[in-house]
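> My structure is below; once you've seen it, I'll send some questions.
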Amino acid sequence: MSPILSIAGVSHHYGAKQALNDVSFDVEKGSFALLLGPNGAGKSTLYTLLTQLLPLQAGRIAIAGHDISTAPRAALAGLGIVFQAQTLDLDLSVEQNLRYFARLRGMSGKDASRRIDEQLERLSLNDRRGDRVRALNGGHRRRLEIARALLHQPQVLLLDEPTVGLDIPTRQRIVDDVHDLASDGQATVLWATHLIDEARAGDRIVLLHQGAVRTQGEARALLDEHDCDDLATLFNQLTERKPQAPLKGLTRQDAGGTA
């Protein structure tokens with residue numbers, strides 16, 4: 001079977017500055033893939049190319065078998081997107097934000113109501129549906145953005161640093177919820193982050209640094225392959241960073257690897 005998301009030989013320049021250099025990786029249907037890298041690694045640039053906010057300069061991107069350069073409408077129809085910057089209307093209610101998006105997507109009123117009910121229930125927002133977004137905390141706003149991104153039943157859900165600025169318990173709940181979406185077959189997930197503690201043992205990790213892929217594979221396998229006891233060590237080695245974070249993230253013991 002072809003991967004649901006395929007990125008092959010993608011490079012991008014901003015003038016003389018190279019932001020991405022021959023980036024290639026695939027994401028299989030139903031999986032949770034983590035695009036992991038420090039700030040400035042090129043994650044957001046890749047997302048602007050995936051969503052066609054910038055034109056593709058070199059390489060190929062295909063979503064659900066549709067080439068983003070030759071069949072952009074078909075390719076983008078399969079995407080749900082949560083950007084780092086929030087894009088909700090703060091003066092509308094939770095439900096109004098969702099209904100507005102549903103109309104933009106051309107959903108019928110009955111279909112929109114059913115999908116809104118499903119996502120509000122799934123993301124524990126049903127009791128907040130009448131509240132103005134301005135009254136929600138950061139975690140609930142992020143949940144709302146995820147619910148909105150899922151309304152049209154996308155095949156691939158892209159999230160760009162979705163937990164930045166949230167406290168650790170809220171971050172972990174959102175990470176768990178989105179992992180559940182992938183495991184339940186609701187969407188294939190590509191989650192971009194610099195936070196190593198958001199990885200799980202079975203996740204596919206693509207480690208990006210200075211615009212290039214430094215390693216990729218299943219998290220537990222990468223720890224064994226690089227002989228690292230935890231993901232923080234692997235991250236620091238491949239991004240040439242000094243150990244500084246108290247969080248080790250995933251360890252080989254957690255992943256069931258070699259002790």
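Values quoted throughout were computed directly from the atomic coordinates according to the rules given, and no laboratory measurement underlies them. Keep in mind that what you see is a predicted model, and the values were worked out from it rather than measured. Ideal geometry is used to build each Cβ from the backbone, glycine not excepted, and the neighbour counts take in all protein chains shown.
> In nm, to one decimal, how far is the modelled label at ASP176 from the one at LEU92, with both set 7 Å along Cα→Cβ?
Taking the simple label geometry, ASP176 and LEU92 are separated by 3.1 nm.
> Sort largest first and round to whole Å: the equivalent ellipsoid semi-axes of the chain, each the square root of five times a Cα gyration tensor eigenvalue. Working shown, then result.
Values: eigenvalues 182, 103, 56 Å².
The equivalent ellipsoid of the chain has semi-axes of 30, 23, 17 Å.
> Further, regarding this structure: Report ³J(HN,Hα) in whole Hz for each residue of the stretch 102-116, in order, from the Karplus equation J = 6.51 cos²θ - 1.76 cosθ + 1.60 where θ = phi - 60°; Gly and Pro get x.
Each residue's phi maps through the Karplus curve to give 4, 5, 4, 7, x, 6, 5, x, 5, 5, 4, 4, 4, 6, 4 Hz.
> Taking 0.36 nm per residue of sequence separation and subtracting the Cα-Cα distance, how much length would be gained by fully extending the chain between ASP127 and GLN237, in nm to one decimal? It would help to have the intermediate numbers written out before the result.
Details: separation 110, 0.36 × 110 = 39.60 nm, distance 4.53 nm.
Difference between extended and current length: 35.1 nm.
> Given contacts defined as C-alpha pairs under 8 Å and at least six residues apart, what's the relative contact order of the stretch 103-223, whole-number percent? The partial results should precede the final answer.
On the way: 100 pairs, mean separation 22.4, N = 121.
Result for the stretch 103-223 is 18 percent.
> Going Cα to Cα from LYS110, which aspartates and glutamates come in below 15 Å? Please leave out same-chain ones fewer than 8 positions away.
GLU95, GLU118
> Still on this structure, please answer the following. Between GLU118 and ASP167, what is the FRET efficiency for a Förster distance of 30 Å, r being their Cβ-Cβ separation, to the nearest 0.05?
According to the calculation, E is roughly 0.65.
> Size of the dipole of the stretch 1-86 about the Cα centre, Lys and Arg at +1 and Asp and Glu at -1 on the beta carbon, nothing else charged, in debye to 20? Please list the in-between numbers first.
Numbers: 5 positive and 4 negative charges, 34 e Å.
Value, rounded to 20: 160 debye.
> Kirkwood hydrodynamic radius, computed over distinct alpha-carbon pairs, for the stretch 16-127: how many Å, to one decimal?
Values: mean 1/r = 0.0596 Å⁻¹.
Evaluated over the stretch 16-127, this radius sits at 16.8 Å.
> Evaluate the relative contact order of the chain (contact order divided by residue number), counting alpha-carbon pairs under 8 angstrom at least 6 apart; express in whole percent. Please list the in-between numbers first.
Details: 487 pairs, mean separation 62.4, N = 259.
24 percent.
> Now for a different question. Per 10 Å bin, what is the whole-percent P(r) computed from every C-alpha pair distance within the stretch 106-259?
Pair shares across the bins are 10, 35, 31, 17, 7, 1.
> Along the Cα→Cβ direction, 7 angstrom out, place labels at ALA58 and GLN153. What is the inter-label distance in nm?
4.0 nm
> Please report LEU90, LEU151, LEU46 as a ranked list, fewest other C-beta atoms within 10 angstrom at the top and most at the bottom. Don't skip to the end; give the middle numbers.
Values: LEU90 12, LEU151 21, LEU46 28.
Taking fewest neighbouring Cβ atoms as first place, the list is LEU90, LEU151, LEU46.
> In Å and whole numbers, how far do the C-alpha atoms of the stretch 1-49 stretch along each principal axis, longest first?
In descending order, the Cα extents are 38, 20, 15 Å.
> Then there is this: Hey, can you grab everything whose amide H is under 5 Å from the amide H of GLU218? Only 5+ residues off in sequence or another chain; H modelled, so Pro and N-termini drop out.
Amide H neighbours of GLU218: ILE205.
> Just tell me the longest site-free run in the chain, where the sites are GluC sites (Glu not before Pro) in a DSSP loop having at most 15 other beta-carbon atoms within 10 Å. All intermediate terms of the calculation are to be shown ahead of the outcome.
On the way: sites that count: GLU28, GLU240.
Excluding the exposed sites themselves, the longest stretch runs over 29-239.
> Another question, if that's okay. At 0.36 nm per residue, and after removing the present C-alpha to C-alpha distance, how many nm does the segment from LYS29 to ASP184 gain when stretched out fully? Could the numbers behind the result be given before it?
Values: separation 155, 0.36 × 155 = 55.80 nm, distance 1.18 nm.
Result: 54.6 nm gained on full extension.
> Sticking with this one: Full extension from ARG103 to ALA74: what is 0.36 nm times the residue separation minus their Cα-Cα distance, to one decimal in nm? If you can, show how the numbers build up before the last one.
On the way: separation 29, 0.36 × 29 = 10.44 nm, distance 1.87 nm.
Gain on stretching ARG103 to ALA74: 8.6 nm.
> Each residue of the stretch 34-44 in turn: what ³J(HN,Hα) in whole Hz from Karplus with 6.51, -1.76, 1.60 and θ = phi - 60°, glycine and Pro shown as x?
10, 8, 9, x, x, 4, x, 6, x, 4, 5
> Let me ask something else about it. Can you give the local net charge around THR188? Use residues other than it whose beta-carbon is closer than 13 angstrom to its beta-carbon, Lys and Arg +1, Asp and Glu -1. Don't skip to the end; give the middle numbers.
Working: positive: LYS29, ARG204; negative: ASP26, GLU28, ASP184, ASP203.
After counting each charged neighbour, the total is -2.
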